[in-house]
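For reference, the structure is listed below as structure tokens.
The values are calculated or read from the model by the stated rules, or taken from the named source; none is laboratory data. Keep in mind that what you see is a predicted model, and the values were worked out from it rather than measured. Please note: Cβ atoms are built from the backbone with ideal geometry, for glycine as well, and neighbour counts cover all protein chains shown. We work out accessible area using only protein heavy atoms, side chains counted, and drop any ligands, DNA or RNA first. Shrake-Rupley method; radii C 1.70, N 1.55, O 1.52, S 1.80 Å.
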Amino acid sequence: MSRTDAVARAYAYFDDGGFLADLRRRVAIPSSSQEPDRAGVLRSYLDDEMTPTLKPLGFTCRVLDNPHGPSVLVAERIENPDYVTVLVYGHGDTIRGLDDLWRPGLKPWEISVDGERIYGRGTADNKGQHSVNIAALAAVLQARGALGFNCKIMIEMAEEMGSVGLRELCERHAGDLLKADILIASDGPRIAPGKPTLFLGARGGYPIDLIVDLRDGAHHSGNWGGLIANAGIVLAQALATITDARGAIRIAEWRPVLPGSVRQVLAGVEVDGGDDGPEVDPEWGEPGLTPAERVFGWNSFEVLAFIAGTPERPVNAIPGTARAHCQLRYVVGTNVDDILPALRRHLDRNGFPQVKAETGRSSHFYASRIDPADPWVTWVKDSLQRTSGVAPTILPNLGGSLPNDIFTDVLKLKTIWVPHSYAGCSQHAPNEHLLAPIAREGLGLMAGLFWDLGDPAMPRPAHK
């Protein structure tokens with residue numbers, strides 16, 4: 001059997017309905033990690049879906065207890081201790097279903113197909129993506145009878161809660177169960193729907209709450225307007241000092257250095273969210289940078305929610321409190337320990353000592369990436385191009401956040417992500433969907449990549 005046969009088997013799995021049948025079954029498991037009463041469902045995804053899928057492929061499966069959150073599945077197929085060992089990662093948890101917000105005829109826990117779109121919670125993030133990779137491994141096993149490399153698969157169930165406990169678990173098993181040479185995983189979007197992509201890490205995400213608490217209660221605007229400070233105005237003015245009118249960051253400590261290697265790899269990259277994605281605002285963000293440099297090579301500060309008074313029931317009263325939930329997306333090189341102190345110094349310098357700055361309660365991932373010049377990057381790029389016939393786009397990191405730093409810093413792995421979704425997939429929103437053409441192409445790309453990993457005629461970079 002040949003590489004061509006392995007890729008053909010992967011395509012046939014999609015064309016014959018196997019992929020949709022497996023994904024339909026997995027989406028029907030309502031594995032929302034954001035709802036405590038579904039803890040049993042999270043474990044069921046590992047015990048009743050992943051384990052029965054992986055055991056027939058020759059994987060030994062272990063479900064590890066996580067003292068801080070849901071359990072984690074680690075499956076391994078060791079063919080030869082001298083072979084390169086690949087860690088494949090995915091997460092089976094999702095955000096809440098938001099059942100009542102989906103468009104008529106769609107339900108989060110039921111697959112619906114409309115043209116090229118496969119709707120359902122987790123289709124893009126991340127059940128569809130790790131389903132592609134597992135099926136590609138199966139195609140190689142069917143074609144060759146062996147992988148030709150050692151493979152470990154990790155499926156966690158807490159990524160949507162910040163991967164709670166994953167760092168500690170990886171620290172515990174770094175020298176044995178999770179010892180590997182390279183991470184090859186899939187999550188996040190491609191740079192454009194029709195453009196195969198690989199990225200090498202992720203921006204960090206630091207949650208920040210800004211709070212103005214001037215007094216208890218609200219007071220009549222006719223009696224007190226012009227006499228007492230308005231918490232909403234104070235907070236709005238404080239926020240206006242953090243960026244300029246186009247959103248460019250004004251806090252010097254939050255402004256990174258854009259390395260030449262990152263600028264080089266982003267040269268000519270066009271950001272495209274697909275037909276349903278918003279248009280890029282050319283006059284927004286850091287001036288002098290391309291859109292790709294702004295989202296993949298720079299930091300961005302965002303106000304995600306802002307409340308003062310009672311916006312759902314406005315009254316003629318001056319609010320005594322206001323709160324904004326914000327986020328700094330940051331790249332490697334930003335001093336994470338100085339993010340909040342730098343903000344405090346900035347607010348004080350600008351006359352806002354009354355504005356409290358706190359670390360928000362939402363999840364915090366750290367920035368990480370490997371060098372775009374790493375030999376593994378070139379090797380994976382060449383493999384994907386061999387299958388698709390076009391050179392994939394290489395991004396230094398995802399614009400969003402992932403637990404990539406755990407793999408680079410704790411497990412000491414090279415990390416390469418090959419996404420099978422696109423930016424307009426409605427991830428984390430109602431009407432989440434996977435594009436069928438991307439899923440099908442992803443099956444072929446990954447089957448070719450896994451075939452090459454086990455082909456002795458395809459020299460690989462040195463491994464441990």
State all residues of segment 39-70 that are in contact (Cβ under 8 Å) with a residue 60 or more places away in the chain and touching a Gly at 6+ places or on another chain (Cβ under 9 Å); if no residue qualifies, say none.
Leu42, Tyr45, Leu46, Met50, Asn66, Pro67, His68, Gly69, Pro70
What single numbered condition from (1) open to solvent by 70 Å² or more (accessible area, probe 1.4 Å); (2) at pLDDT 95 or above fails to hold for Pro278?
(2)
Just to verify a result, which residue in segment 248-265, among those that are in contact with a strand residue (DSSP E or B) (Cβ under 9 Å, 6 or more places away or on another chain) and in a helix (DSSP H, G or I), is surrounded by the most Cβ atoms within 10 Å (Cβ to Cβ)?
Val262
Taking first residues from segment 139-166 that are more than 29 Å from Trp451 (Cα to Cα) and touching a residue at least 24 places away in the same chain (Cβ under 8 Å) and second residues anywhere that are assigned to a loop (DSSP other than H, G, I, E, B) and of a type in the set (Asp, Glu), the pairs with Cβ under 8 Å that are 6 or more apart or on different chains are Ala158/Asp93; Glu160/Asp93; Met161/Asp93
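I'd like the residue in segment 430-464 that is among the hydrophobic types (A, V, I, L, M, F, W, C) and at pLDDT below 95 and, out of all such residues, is surrounded by the most Cβ atoms within 10 Å (Cβ to Cβ). Outline the logic, then answer.
Within segment 430-464, the subset among the hydrophobic types (A, V, I, L, M, F, W, C) is 434-436, 438-439, 443, 445-447, 449-451, 453, 457-458, 462.
Still in the running and at pLDDT below 95: 457-458, 462.
Working: Ala457: 5, Met458: 15, Ala462: 9.
Within segment 430-464, the match that is surrounded by the most Cβ atoms within 10 Å (Cβ to Cβ) is Met458.
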Which condition from (1) open to solvent by 10 Å² or more (accessible area, probe 1.4 Å); (2) outside any loop (DSSP other than H, G, I, E, B) is the one that Gly268 breaks?
(2)
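Out of Asp382, Asp409, Asp371, which single residue is acidic (Asp, Glu) and closer than 15 Å to Phe296 by Cα?
Details: Asp382 fails: closer than 15 Å to Phe296 by Cα; Asp409 fails: closer than 15 Å to Phe296 by Cα.
Being acidic (Asp, Glu) and closer than 15 Å to Phe296 by Cα holds for just one of Asp382, Asp409, Asp371, which is Asp371.
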Could you run through segment 49-101 and say how many residues are open to solvent by less than 10 Å² (accessible area, probe 1.4 Å) and small (Gly, Ala, Ser)?
4
All positions within segment 1-33 that are of a type in the set (Ser, Thr, Tyr), closer than 14 Å to Ala436 by Cβ and out of contact with any Phe, Trp or Tyr (no Cβ under 8 Å at 6 or more places or on another chain):
Tyr11
Only residues in segment 261-283 that are β-branched (Val, Ile, Thr) count as the first member; pair them with residues that are in a helix (DSSP H, G or I) and open to solvent by 30 Å² or more (accessible area, probe 1.4 Å), Cβ under 8 angstrom, at least 6 apart or cross-chain, and list the lot.
Val271/Pro291; Val271/Val295; Val280/Pro291
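Return the only residue of Glu156, Glu160, Glu168 being acidic (Asp, Glu) and modelled with pLDDT under 95. It would help to see each step written out before you state the result.
Working: Glu156 fails: modelled with pLDDT under 95; Glu168 fails: modelled with pLDDT under 95.
From the options Glu156, Glu160, Glu168, the qualifying one is Glu160.
Report, by residue number, each residue of segment 429-464 that is assigned to a loop (DSSP other than H, G, I, E, B) and under 30 Å from Lys107 (Cα atoms). Explain how you work it out, then say what you get.
From segment 429-464, those assigned to a loop (DSSP other than H, G, I, E, B) are 429-432, 454-464; that's our starting set.
Across segment 429-464, the qualifying residues are Ala429, Pro430, Asn431, Glu432.
Residue under question is Glu110, and the condition is that it be open to solvent by 10 Å² or more (accessible area, probe 1.4 Å) and closer than 30 Å to Asp37 by Cβ; does it hold? Can you show your working first?
On the way: open to solvent by 10 Å² or more (accessible area, probe 1.4 Å): yes; closer than 30 Å to Asp37 by Cβ: yes.
Yes.
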Quick check on this structure: which one of Asn66, Asn80, Asn133 is under 24 Å from Leu183 (Cβ atoms) and within 19 Å of the chain's Cα centre (by Cα)?
Asn133
Pair list, Cβ under 6 Å, 6 or more apart: segment 100-124 residue within 17 Å of His420 (Cα to Cα) and among the aliphatic types (A, V, I, L, M), other residue part of a loop (DSSP other than H, G, I, E, B) and open to solvent by 20 Å² or more (accessible area, probe 1.4 Å):
Ala124/Gln427
Residues in segment 429-464 that are acidic (Asp, Glu) and more than 22 Å from the chain's Cα centre (by Cα) total 2
Within segment 334-351, which residues are without any contact (Cβ under 8 Å) to a residue 24 or more places away in the chain and assigned to a loop (DSSP other than H, G, I, E, B)?
Gly351
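Kindly indicate the residue of segment 306-331 that is open to solvent by 60 Å² or more (accessible area, probe 1.4 Å) and in contact (Cβ under 8 Å) with a residue 60 or more places away in the chain and also nearest to Trp224 (Cα to Cα) among those meeting that condition. Walk me through how you get there before you give the answer.
Here is the first cut: in segment 306-331, the ones open to solvent by 60 Å² or more (accessible area, probe 1.4 Å) are 306-307, 311-316, 321, 323.
Then drop every residue that is not in contact (Cβ under 8 Å) with a residue 60 or more places away in the chain, which leaves 306, 315-316, 321, 323.
Working: Phe306: 23, Val315: 14, Asn316: 11, Thr321: 15, Arg323: 21 Å.
That would be Asn316.
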Against the condition of a type in the set (Val, Ile, Thr) and either under 30 Å from Ala462 (Cβ atoms) or in contact with a Lys or Arg (Cβ under 9 Å, 6 or more places away or on another chain) (or both), how does Val380 come out, does it pass?
yes
